[in-house]
Structure formats: C-alpha cells, structure tokens
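Values quoted throughout were computed directly from the atomic coordinates according to the rules given, and no laboratory measurement underlies them. Keep in mind that this is a model prediction, so the values were computed, not measured. Every residue, glycine as well, gets a Cβ built from its backbone with ideal geometry; the counts of neighbours run over all protein chains shown.
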Number of protein chains: 2
Amino acid sequence: MARRDVFLISDSTAITVETLARSLLSQFPDVDFDTHVLRFVNNVQRVAEAVAAIERAAAAGSERVLVFTTILDAGLRARLARDDWLLIDFMSAFITPLEDELGTRCRPRIGQTHGIGEDRGSAYLRRMEAVNFALRNDDGASTAHYHEAELILIGVSRSGKTPTSLYLAMHYGTMVANYPLVEEDLEELSLPAVLRPYRERLFGLRIDPHRLHEIRRHRQPDSRYASLQQCRYETRQAEALYRHAGLPSLDVTSLSVEEIATRLLEAMAAGGTVTGP
Amino acid sequence: MARRDVFLISDSTAITVETLARSLLSQFPDVDFDTHVLRFVNNVQRVAEAVAAIERAAAAGSERVLVFTTILDAGLRARLARDDWLLIDFMSAFITPLEDELGTRCRPRIGQTHGIGEDRGSAYLRRMEAVNFALRNDDGASTAHYHEAELILIGVSRSGKTPTSLYLAMHYGTMVANYPLVEEDLEELSLPAVLRPYRERLFGLRIDPHRLHEIRRHRQPDSRYASLQQCRYETRQAEALYRHAGLPSLDVTSLSVEEIATRLLEAMAAGGTVTGP
C-alpha cells in the first residue's frame, strides 16, 4: 500500500486542521497516511521547527510529503510553502472569496474557533454546565432534575446512553439525562413511573443483540449479563416497551457516538420521530 | 452590524462542515452570522429540501446567503450551485489537488470521518473504553486503577479536571484519571500517598482565584467553598504543592477544555513540562 507522511500544522489546538485532513484523507482508502500533528505553531521559531521536521520526513521518505495548515498569520504561513511538498492551505483557499463576498477584510485572531471565545458568560459556560448536568443525571443516578432535561435517553445497559449524553453536552450544550432500563422495567413493559411526566422528552436507543453481547462480553466475560440469551431478551423487551409507550427510537448498532448525537439533534429539531438507519 | 444567513450542508453528521465554517467565520467578527445546519442531506429529495430552505432565506434577506458544504457526491453537490448564493465547496477545492498528488481517484464514502470506521475493533472502541475509564476514575472516586492511566490530572475542585478528562478520552482515546486536592492535601503541602507511585503521570491544573471564585459562586452562592478567601487559599496551596513536588502544571484560567486538552497532549508528546499561556 502506498504510504505518505502527512503534517497537520496549527497555530492553536489543531482541531480544525485534524477534522479537515481526516475528512479529505478518508476518501483515499488505498493510501496509508502517517500523520504528524504540530500544535500551537504560532511564532517564527515554532514554524522553523515545523519546517525542519517536514524536511526530515521528506528526506527519509520516497514520496512527496503532504502538509495541511490552518495557520492564520499570512507571514508565518508563507514560511511553510516549498516546492518540496504539497501545501494544502485552508485559510488562503477560502478567506479571499469570503472577503470579496462580505466586502470586509478578515481580522485574524488565533484560537477563536476552539477557545472560550468572547462570550465566556454564555455558550462556553452553557456547554460546561451541560457536561455537569449529564454527569449528575447519568444512568438513573438521580431523577430529581429530569424537568431541566431537554432530552432523556433510555435504553438497556451498554447501549451508548452515557457517551452520547456527554457528547451532546460537550459539543452542543444540550441538557441530557439518561435512564437505564433494568429488568423490572423490561418485565413490566410499561414506562417507569418516574419517566411518565416527561414523555415528550424521552428517546429510546435500540441495539442489535449480537452487538450488545459483544460489548458486554468485553466488559464482563462469561456473565449472565453478557450472555446472548440475556441480550436478546433485553433488546426485545426494550423495543416492545418503546412501541407500547409510543416513543421515538433509534437503532444505534452501527452508529458512532457522533452520529447518534447528531441524529438526535435532527430529531429534536424536527420535533418528531427518528427512524433508524 | 451586517447580518448574513449561512447554511451548513452535510451528507452526514455536519461535524466537519461546522468546524470549518466556524473556523473561517470567526475571522469576520464584524458580521453577524445566522447559521442553519442541515444534516444527513444524502439524496435528491433532501437536497431539494435544502435548496428550498436556502431560497426562502435568500428571498427574505437583503444580503447574499453563504452556503458551505461537505457533500461528497458530486451529482448532489452540483444541485447546490446557484448564482443566487455563494457556495463554499470544501470537497472540490481540495480533492482535485489531492487526486493529482496521490495519483489515484478518491472513492467517496459517506460518514467515514465521524463514523465508527472500518476499525470498529480498535480506535473507536478505545475511545469508548477511555470514556468509561474517565468516568470510573473521576474526582478521586477510585484510585485502584491509576496504574492504567496515561495521565492523572490534579487540581482543586472546579479547576476543569473532569471535562478535560472526558474530552481527552472521547476525542483522543487517552486514559485519564483525575484527583481533587482536598483541604488535607492542601494543608500538608506534600503529594498524597496514593499519587506517589505515579509521579511521572501527574499533571497539575492552576487557576486564577478570581476565576475560581466566579465558577464556584455560580454553583454554591454565599458558601465558604465559593468565597474569594477560600479560593485564594486553595489556589496558592495547590501551586506550592506542585512546586514542592516538582510537578508540571498548566494555568487553565483563560483556556477552553479543547485548549487544555491539546496542550496536555503536547506536553505528553514532549515528555516534559508545559508552561502556562
């Protein structure tokens, strides 16, 4: 398989340049990319170190190196341009058309994208508050604050409720509680009493029993909890419960946390039911 | 302030297009952007709905609408091109130069960037395992698994240990435990016994007492815990403890969780001390 060294060079966290490069390079599955991330490259000295690292890789490898950058300072960025490697310069590619369209010059400010920003009183604090809310209202630990939740995820143990709650909180500031369906709930096939006042905020997660078996086995091998029989019983009962209660639900079997989270956002925006993939 | 409608159109989670647009638009602080995110726009019908939504915004506003897209399918993407709005087409801008450089055609595959990916056994599972580890080893809840931690964050209550641990776990698969410095630790000015075997994995968080006061007051108004006097005492003692123990530390006062997390990654990669901003 072809192999390429890739450098991702940022003047800040490198979150943007990593997202950008990952998105583009995932479209070339036949190439094996060896990725080096250089963060906080925000002065002449740091750029010189980056150039030296690229030069070393270029000298050692047989193929041209790829360099992605989101550095804002045009002067620093210019120091990364060499014929010896391909420079994918995200800022110059799009800033100029945007300046023309908006009729205003950009005012480069490092660290705005993933920093606290100027609204330290609002958006960032809301996200951190939502993370704390998700932690305090995780796994049915407390149900006293469900009235503050925008969304209450329900599902069997290990169906992805906790990481999804945390992701929605961290990235979108959504207030999410989650409630695990335990055996009593699954036997009853009716909505637990504590959830009934919040019916319109409930969302059920579904999962294939084989996948659940695999996840639980990884955690508690040879337990009844992880047995395929138990997983089959729980997932069947959970789906029946969602149906009986008329709850929207989503099959998360082959979805990542990012995909589950964004599908839930779509469902909340639409105010309706999400259908599985 | 000038106002612009912005549409972010993705065939998947929209995480990439949101990151890119946010990065670009944050450079134009004089414009007030009204952002609409359209996710899972992955067929002709969904694109037609998106175009209709853009047309409505264009008809209602006085300024040209901005449309950012990361849709992979060239046929679908072409349906978004109109003279009536500015289309910032992330894929076409960079895919062609990459194809030329790599000498291979791209093979568009939706949802690769923030999906589970083909390595469902490894990278994605490792991230989820790290999230579970961070939760089980949060706030000194359990210290029995510290030997499995790659990093152990220490700091006073509300200095950002928990969200930072979760962010590092969720995004980078780093195994992070965290330990809160309580009054006994702060009085002693020596490393708590439970931490001593792991000295080389410890990292101290520092925070300005006024900022800490502000955060704690938001949570427990009028408490001794939130008083400026108490915050001054705790932050001073914590810094003295780091100094005495010779621990690396980072001032997180004006940093976001993303910035703290990536600075810690840099410090771990360098194997050395991080200096505050």
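For chain B, the equivalent ellipsoid derived from the Cα gyration tensor has semi-axes of 45, 24, 15 Å, listed largest first. How many percent of Cα pairs in the range B:2-102 exceed 24 Å? The proportion of pairs with Cα distances above 24 Å equals 20 percent. Here the Karplus curve 6.51 cos²θ - 1.76 cosθ + 1.60, taken at θ = phi - 60°, turns the phi angles of the range B:123-129 into couplings of 4, 5, 4, 5, 4, 5, 4 Hz, with x standing for Gly and Pro. Residues of the range A:78-121 with an amide N closer than 18 Å to a point placed 7 Å from the Cα of A:Ala52 along the Cα-to-Cβ direction: A:79-81. Ellipticity at 222 nm from helices only: DSSP H runs of n ≥ 4 in chain A, each -39500 (n - 2.57), divided by the residue count, give -13500 deg cm²/dmol.
Sorting B:Val156, A:Val47 by the number of Cβ atoms found within 10 Å of their own Cβ, with the fewest placed first, yields A:Val47, B:Val156.
In chain A, which longest range has no GluC sites (Glu not before Pro) that are both DSSP loop (not H, G, I, E or B) and surrounded by at most 16 other Cβ atoms within 10 Å?
Numbers: sites that count: A:Glu63, A:Glu118, A:Glu150.
Between exposed loop sites, the widest span is A:151-277.
Annotation: amide H of A:Leu202 within the under-5 Å range of A:Ile152, sequence separation 5 or more or interchain, hydrogens built in the peptide plane. Across q = 0.08 Å⁻¹, the protein assembly as shown modelled as identical point scatterers on its alpha-carbon atoms has Debye log10 I(q)/I(0) values of -0.58, in the order of the q list. Placing a pseudo-label 7 Å from each Cα along the Cα-to-Cβ vector at A:Arg126 and B:Asp208 gives an inter-label distance of 2.4 nm. Pairwise inverse Cα distances across the range B:123-270, averaged and inverted, put the Kirkwood hydrodynamic radius at 15.4 Å.
For the range B:17-161, what class follows from the C-alpha gyration tensor (a ≥ b ≥ c being the square roots of its eigenvalues): rounded when a/c is under 1.5, otherwise prolate if a/b is larger than b/c, else oblate? Write out the running numbers ahead of the final one.
Details: a/c = 2.68, a/b = 1.73, b/c = 1.54.
Prolate, since a/c reaches 1.5 and a/b exceeds b/c.
Stokes-Einstein diffusion of the range B:127-210 at 20 °C, 1.002 mPa s viscosity, Kirkwood radius from Cα pairs, rounded to a whole number: 168 µm²/s. Here is the result for the range A:1-39: no trypsin sites (Lys or Arg not before Pro) lie in DSSP coil with at most 12 other C-beta atoms within 10 angstrom of their C-beta.
Per-residue 3J(HN,Hα) values for the range B:55-67, derived from phi via the Karplus relation 6.51 cos²θ - 1.76 cosθ + 1.60 with θ = phi - 60°, read 4, 4, 5, 5, 5, 7, x, 9, 9, 5, 6, 9, 10 Hz in sequence order (x marks Gly and Pro).
For chain A, calculate the relative contact order in percent as a whole number, restricting contacts to Cα pairs under 8 Å that are 6 or more residues apart. It comes to 13 percent, rounded to a whole number. Loop-located chymotrypsin sites (Phe, Trp or Tyr not before Pro) in the range B:134-215 (DSSP state not H, G, I, E or B) with no more than 11 neighbouring Cβ atoms inside 10 Å do not occur. In order along the range B:243-248, the Karplus-derived 3J(HN,Hα) couplings, from 6.51 cos²θ - 1.76 cosθ + 1.60 at θ = phi - 60°, round to 4, 4, 7, x, 8, x Hz, and Gly and Pro are given as x. In chain B, the longest principal axis of the Cα atoms and the axis of helix B:209-219 are about 70 degrees apart. Put a dot 7 Å past the Cα of A:Phe33, heading toward its Cβ, do the same for A:Glu148, and the two dots end up 4.1 nm apart. Placing a label point 7 Å from Cα along the Cα-to-Cβ axis, A:Ala81 is separated from the same position in the other copies by 2.6 nm, shortest listed first.
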